[in-house]
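Everything on this sheet refers to the single structure shown next.
Read-outs: derived from the displayed coordinates by stated rules, not from any lab. This is a predicted model, so every value here is computed, not measured. Cβ atoms come from the backbone with ideal geometry, glycine included; neighbour counts cover every protein chain shown.
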Amino acid sequence: MPKLCLTLLLAAGIIAAAPARAHTRSESHSAWTLDGPLVHMTFSVADVEAARISDHDERPDDAALIGYLDPRVGVSAAGEPCRATRPPRIVPAASGFRRVEFQYWCASVEDMQLRSEAFFDLVPTHIHFAQVQRPDGEFVEQLLAAEHPSLDLKSADGNGLQSAGFLEFVRMGVMHIFTGVDHMSFLIGLVLISRRLKDLVFVVTGFTIGHSLTLALAVTGIIRPHAEFIDALVALTIALIGAENIVVATRRPRIVALWTGGSLAAMALLRLAGIGLLPPLLLVGSAMFAAYYLMVSGHLRDAGRIRLVVTLVFGLIHGFGFAADLLESRLPPDKLAQILLGFNVGVEAGQLTIVVLLSAAVALLVRLKWSLPRPLVVDVTASLLVAIGTYWFIGRSFA
């Protein structure tokens, strides 16, 4: 029984991630309108986030959602809580989202503070985007987190990132890795294909160069990726990294390459028929890259340096994924350099921590003779990577 530890260690994070959810963080939104002492607010949250308040991760009914939100949101003025002028109610929202409307009356308009503590008790890394329209028509946007769940309107004068420090950006990068199951799955694949420390250095270096480049290009506005396309391609990289492990182990890359390339080409034909989300040219290009990549990987005996180039390409894709959170946050232009450096340092710290811990745990289990033969572990875990990556890719390509 102890010998199963190695397989379980590498696969546990993948098995637990059944839903085809994108890598983006846990978040919610609110829109506040101030009209003298009257405050109107709508709270919006995705169904997948709202399900967290249910014991069985099911979509809560209207009463349950309102019952959860009501005591966790509100407004105060001059140190006194404002009273609700009517019970909260569900209002129409876009497909896949829930929206609740609140209305408050304040005895004063001095020292107003808005509060939203929802979901921080369930997901400590949850982020809330609050947009406030003042009586003079000016808009204020603020990021609320577990450490600062309220907004002081007297001191609020713009984007919440404006007052954030370097360490806050580092923390955002670290948590993006630790809470992104798809990125963690990809890192597991990198550890699997690296038989030696030198191989691991090559693949991590290539991945780092790639994602650092596109993170900078996306955040500075030089290239603006389509979020849905990037989420699907991130899933495809997970399936490909698992497929590479399989073709390297079997030395029979042709059948895997043909099936992979053929499936992507078939999806391109379906897209031409109006079925699917990804552009046909993107699918055709992915088919050609995937087939060639798997054929080369299956025939090279020492592919360490080649993998540096390949993982650089994968890093380019993941870099756009890392940028998605920052692009949604409306970055203050005068802090771009600090944000980029801090977030990138956090991403690197997060992924190196995972790689080092996995490698150390594997080495310890091998030394204790608790490990199964490497080929068996690679085959099982690589198959799981292919399965979950394909599931995510299909789900994100047709959603």
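Magnitude of the Cβ-charge dipole of the chain, K/R +1 and D/E -1, about the Cα centre, nearest 20 debye?
Computed about the Cα centre, the dipole is about 2240 debye.
Quick check: the distance between the Cα centres of segment 189-218 and segment 91-136, to the nearest angstrom?
Centre-to-centre (Cα) distance: 40 Å.
Per the Kirkwood formula on distinct C-alpha pairs, the Rh of segment 108-259 is how many angstrom?
19.3
For segment 265-280, take each phi angle, set θ = phi - 60°, evaluate the Karplus expression 6.51 cos²θ - 1.76 cosθ + 1.60, and give the result in whole Hz per residue in order, putting x for glycine and proline.
So the Karplus estimates, Gly and Pro as x, are 5, 5, 5, 5, 5, 5, 5, 4, 8, x, 10, x, 10, 6, x, x Hz.
Rounded to whole Å and sorted largest first, list the principal axis extents of the Cα atoms in the chain.
Dimensions of the chain along the principal axes of its Cα atoms: 75, 52, 45 Å.
Before rounding to the nearest 500, sum -39500 (n - 2.57) across all DSSP H runs of length at least 4 in the chain and divide by the residue total; then give [θ] at 222 nm in deg cm²/dmol.
Values: 12 runs with 218 residues, N = 399.
The helix-only estimate for the chain comes to -18500 deg cm²/dmol at 222 nm.
If one takes the longest principal axis of the Cα atoms in the chain, at what angle in degrees, from 0 to 90 and to the nearest 10, does the Cα axis of helix 227-250 lie?
Between helix and principal axis, roughly 20 degrees.
List every residue whose amide H lies under 5 Å from the amide H of LEU372, counting only residues 5 or more places away in sequence or on a different chain, with H placed 1.01 Å from N in the peptide plane.
The list, which skips near neighbours in sequence, is LEU6, THR7.
Find, among the trypsin sites (Lys or Arg not before Pro) in segment 191-250, those assigned to loop by DSSP (not H, G, I, E, B) with at most 16 other beta-carbon atoms within 10 angstrom. Walk me through the numbers on the way to the answer.
Working: sites: ARG195, ARG196, LYS198; in loops: ARG195, ARG196.
Hits after loop and neighbour filter: ARG195, ARG196.
Which whole-Hz ³J(HN,Hα) couplings does segment 66-76 yield from phi under the Karplus relation 6.51 cos²θ - 1.76 cosθ + 1.60, θ = phi - 60°, glycine and proline marked x?
Computed from phi, the couplings for segment 66-76 are 5, x, 6, 6, 3, x, 9, 10, x, 9, 10 Hz.
Just LEU278, LEU312, LEU153 to compare: in a GNM of the chain, with alpha carbon springs under 10 Å, which one fluctuates most?
For the chain, modelled as a Gaussian network with Cα springs under 10 Å, the answer is LEU153.
Each residue of segment 166-182 in order: what ³J(HN,Hα) in whole Hz does its phi give by Karplus 6.51 cos²θ - 1.76 cosθ + 1.60, θ = phi - 60°, with x for Gly and Pro?
4, 5, 5, 5, 4, 4, 4, x, 4, 5, 4, 6, 5, 9, x, 5, 5
For segment 180-288, rounded, prolate or oblate, judged on the Cα gyration tensor with a ≥ b ≥ c (square roots of eigenvalues), a/c < 1.5 rounded, else prolate if a/b > b/c?
oblate
Check the straight Cα-Cα distances from LYS198 and name the aspartates and glutamates below 15 Å, setting aside those fewer than 8 residues away within the same chain.
ASP302
Helix 374-398: angle to the longest alpha-carbon principal axis of the chain, degrees 0 to 90, nearest 10?
Taking Cα atoms only, the helix is inclined about 50 degrees.
Counting other Cβ atoms within 10 Å, keep those with at most 13, restrict to DSSP loop, and tell me which GluC sites (Glu not before Pro) in segment 26-133 are left. Intermediate results must be reported in sequence, preceding the final value.
Working: sites: GLU27, GLU49, GLU58, GLU101, GLU110, GLU117; in loops: GLU58, GLU110, GLU117.
Sparse-neighbourhood loop GluC sites (Glu not before Pro): GLU58, GLU110.
How are the C-alpha pair distances of segment 27-163 spread across 5 Å bins, as whole percents from the shortest bin up?
In whole percents, the pair-distance histogram is 2, 10, 21, 24, 21, 14, 7, 2, 0.
Using Cα-Cα distances under 8 Å and only pairs 6 or more residues apart, what relative contact order does segment 27-163 have, in percent?
On the way: 283 pairs, mean separation 36.9, N = 137.
This gives 27 percent for segment 27-163.
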